[in-house]
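Data block below; observations after.
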Amino acid sequence: MIQAKSTKNNRQNNTTFGKTSLEDYIIELIKNNIVVIEKDVEKKIYADIKERLKIDFVQQENNFKNSNQLVNDKLIALNRRIGSAEGNLKAELKKLKEEIDAKKNKKTIDIVVKKGNKSIDLGTQHIQFENLLKYVQAKVNVYLVGSAGSGKTTAAKNIAKALDIPFYFTGAIASEFKLTGFINAQGNIVSTEFRKAYESGGLFLFDEIDASYPQAILAFNAALANDFMDFPDKKIERHKDFYCIAAANTYGSGADREYIGRNQLDAASLDRFVFFDWNIDEDLERELANNDDWVNYVQKVRKSAKKLGIRFVISPRASFYGATLLEVGIDRKEVEKNVLWKGLDLATVQQIKNNL
């Protein structure tokens, strides 16, 4: 029979117990002389506790064994699945490793432009692209100088995309009317790409400006310097979102050894621009061509020709066109002859090869 003594250390009456905590509670009461237990009752209580502990232990052990067996069964099933697809799994892991290595060794840059809440993914870009974008955003007129095939036009198009504005294009011109437009015989205004960009906003690319007639470009000067221009029908103010890039192979000082069809431009025209040197991005060239063996050869030939002072343009287009032809099965020697050497005399070709 259990009798309780009144004490300040008594626990609250609303305490609840689980099966395994009851004995601990009773023992605690005994230790603190809170509960007096008669000897015959004591034996029975301890026997009951012992039996309950035994039952709980066996039950827990069985639960553990069942749980462990379940895990083992799952592992066996998983091993069977992996084993049956081991070849495919290895191939997938190898592919994944190659992708990771490619990303780790990637030398080109991927650009995403934030405009408000909008993200514009431009993908892989030229190493100088971000710097060029800053020039254009500063609203200066950019004279972009670079070799043929170096990606000047592509860069201009992507600048327009980054700014989220329309792109307008004009090549070399022989007459100012290609810029200003004119009034036709019916009295209608014939507009131009330049006027659309100037009047409504957008990026205007004046491509191969150094191949244009200098007199034709003079009409361009006021538009760039004074923020307005007289068109055939009226004077138009320069739109706040008008941007201008002029692309060229020379600095406007006339023909050189490689670009013999270029004109010397008026100093007043050149003064309207900020010059920006655009180099060949060989890492980008390699990535876009996707044929390392061929591109490495093209780049070695380019360096050799430059070192020897040979007047011969080897642009990234040689990499792109050559890789495309090789992929469809054209013989390597034929590709070299028609894409790389392009009628260069045999003695000069051999000279370049000897200096690779």
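Considering only residues that are hydrophobic (A, V, I, L, M, F, W, C), under 21 Å from the mean Cα position of the chain (by Cα) and either crowded, with 20+ Cβ neighbours inside 10 Å or assigned to a loop (DSSP other than H, G, I, E, B) (or both), which ones fall in region 131-167? Before the answer, list the steps.
The first filter runs over region 131-167 and keeps only residues hydrophobic (A, V, I, L, M, F, W, C), leaving 132-133, 136, 138, 140, 142, 144-145, 148, 155-156, 159-160, 162-163, 165, 167.
Next, only the ones that are under 21 Å from the mean Cα position of the chain (by Cα) stay: 132-133, 136, 155-156, 159-160, 162-163, 165.
Listed by number, the residues that qualify are Leu132, Val136, Ala155, Ala156, Ile159, Ala160, Ala162, Leu163, Ile165.
Have a look at Leu325, Leu284, Leu270 and point out the one that is under 20 Å from Phe206 (Cβ atoms), of a type in the set (A, V, I, L, M, F, W, C) and surrounded by 16 or more Cβ atoms within 10 Å (Cβ to Cβ).
Working: Leu325 fails: under 20 Å from Phe206 (Cβ atoms); Leu284 fails: under 20 Å from Phe206 (Cβ atoms).
After ruling out the rest, the residue left standing is Leu270.
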Residues in region 215-244 that are out of contact with any helix residue (DSSP H, G or I) (no Cβ under 9 Å at 6 or more places or on another chain) and in contact (Cβ under 8 Å) with a residue 40 or more places away in the chain: how many? 1
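Being acidic (Asp, Glu) and outside any strand (DSSP E or B) is the filter; apply it to region 219-248 and report the residue that is nearest to the chain's Cα centre (by Cα).
Selected residue: Asp241.
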Just the residues that are over 24 Å from Arg311 (Cα atoms) and either outside any loop (DSSP other than H, G, I, E, B) or touching a strand residue (DSSP E or B) at 6+ places or on another chain (Cβ under 6 Å) (or both), please, taken from region 254-274. Ala267, Ala268, Ser269, Leu270, Phe273, Val274
Please go through region 334-356 and pick out each residue that is loosely packed, with under 11 Cβ neighbours inside 10 Å and at positive phi. Gly343
Subset of region 287-316, residues surrounded by fewer than 21 Cβ atoms within 10 Å (Cβ to Cβ) and outside any helix (DSSP H, G or I), comes to Asn290, Asn291, Gly309, Ile310, Arg311, Phe312, Val313, Ser315
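Residue-by-condition table, conditions (1) modelled with pLDDT under 90; (2) farther than 27 Å from Ser253 by Cβ; (3) buried (at least 21 other Cβ atoms within 10 Å of the Cβ):
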{"site": "Ile189", "(1), (2), (3)": "yes, yes, no"}
{"site": "Arg195", "(1), (2), (3)": "no, yes, yes"}
{"site": "Glu199", "(1), (2), (3)": "no, yes, no"}
{"site": "Leu203", "(1), (2), (3)": "no, no, yes"}
{"site": "Phe206", "(1), (2), (3)": "no, no, yes"}
{"site": "Ala216", "(1), (2), (3)": "yes, no, no"}
{"site": "Ala222", "(1), (2), (3)": "yes, no, no"}
{"site": "Asp227", "(1), (2), (3)": "yes, yes, no"}
Kindly establish whether Tyr251 is in contact with a Phe, Trp or Tyr (Cβ under 9 Å, 6 or more places away or on another chain), in contact (Cβ under 8 Å) with a residue 12 or more places away in the chain and assigned to a loop (DSSP other than H, G, I, E, B). yes
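The values are calculated or read from the model by the stated rules, or taken from the named source; none is laboratory data. The structure presented is a predicted model; accordingly, all values stated were derived computationally and were not measured. Glycine gets a Cβ as well: all are built from the backbone with ideal geometry, and neighbour counts include every protein chain shown.
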